[in-house]
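Quick notes on the structure that follows.
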Amino acid sequence: MARQPDATTPNAATEATRRWRAANPERAKEWSRQYRERNAEDLKRKQAEWRASHWEHRADYQREWDAQHPGYDREWRAAHPSISEGYKRTRRERFKAAFVKRVRKAVIYQRDQGLCQICGSAVPPDDVHLDHIVPLCRGGTHEPDNVQLVHWRCNRAKGRYLMEEFRELHPNFQPPPA
């Protein structure tokens, strides 16, 4: 005779919860809202950890989505010109406000000896990218002292973080293969 699942069996408990949620959608919604409110910091931390450890999955998903929606960005910008212009204007204004001195890639490449300042490996001369050590969005300036030589992928991974924050979030960071 087959054993009947009881409330202690994980599948039975999951099924019971699913039935309760289906029968009480408003109460379930309210319970979820309260849970998210009570555990906001913990949920935020867990989400950041997941994103940090699953960046490959997220990058694959984005590539897949972009392939399935060719021209979406162009279409969106055409459909929302004022918002799109606002984004561009904000970036231009931030850059103007942060501009101190012209930055030449060749000079930075030579100064950093052709090595990525995030992962430490060589950067091909034809694939030079610069990263703001203190990002412009965080009050950094656009001058040689605030830029460093990086790979494109390393720069995308670092994003808007300071190096200390980035190292804390990604202690064993290895750039994805080219």
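Scanning residues 5 or more positions from residue 118 or on other chains, those with amide H under 5 Å from its amide H are 151, with H placed 1.01 Å from N in the peptide plane. Computed from phi, the 3J(HN,Hα) profile of segment 149-166 under the Karplus parametrisation 6.51, -1.76, 1.60 (θ = phi - 60°) reads 7, 8, 6, 4, 5, 5, 5, 5, 5, 5, x, 8, 8, 6, 4, 4, 5, 4 Hz, with x in place of Gly and Pro.
Each other residue within a Cβ distance under 14 Å of residue 69 adds +1 if Lys or Arg and -1 if Asp or Glu, for a net charge of -1. Can you pull a Stokes-Einstein diffusion coefficient for segment 118-178 at 37 °C (0.692 mPa s), Rh from Kirkwood over Cα pairs, as a whole number of µm²/s? Taking Rh from Cα pairs, D becomes 272 µm²/s. In the elastic network of the chain, a GNM with C-alpha springs shorter than 10 Å, the most mobile of 158, 29, 46 is 29.
For segment 15-123, the fraction of C-alpha pairs more than 18 angstrom apart is 79%. Remark on residue 129: its backbone amide H falls under 5 Å from those of 150, a criterion applied only to residues 5 or more positions apart or on other chains, H modelled at 1.01 Å from N.
Extension gain for residue 57 to residue 160 (0.36 nm times residue separation, less C-alpha to C-alpha distance): 35.1 nm. About its Cα centre, the chain has a charge dipole of approximately 540 debye under the convention of +1 per Lys or Arg Cβ and -1 per Asp or Glu Cβ, with nothing else charged. Multiplying the residue separation of residue 28 and residue 137 by 0.36 nm and subtracting their alpha-carbon distance yields 35.3 nm.
Quick note: the coordinates plus some simple rules give every number you see, no bench work behind them. Bear in mind that the values here come from a model prediction, so they are computed numbers and not experimental data. Here the Cβ is made from the backbone with ideal geometry for all residues, glycine too, and neighbour counts use every protein chain on show.
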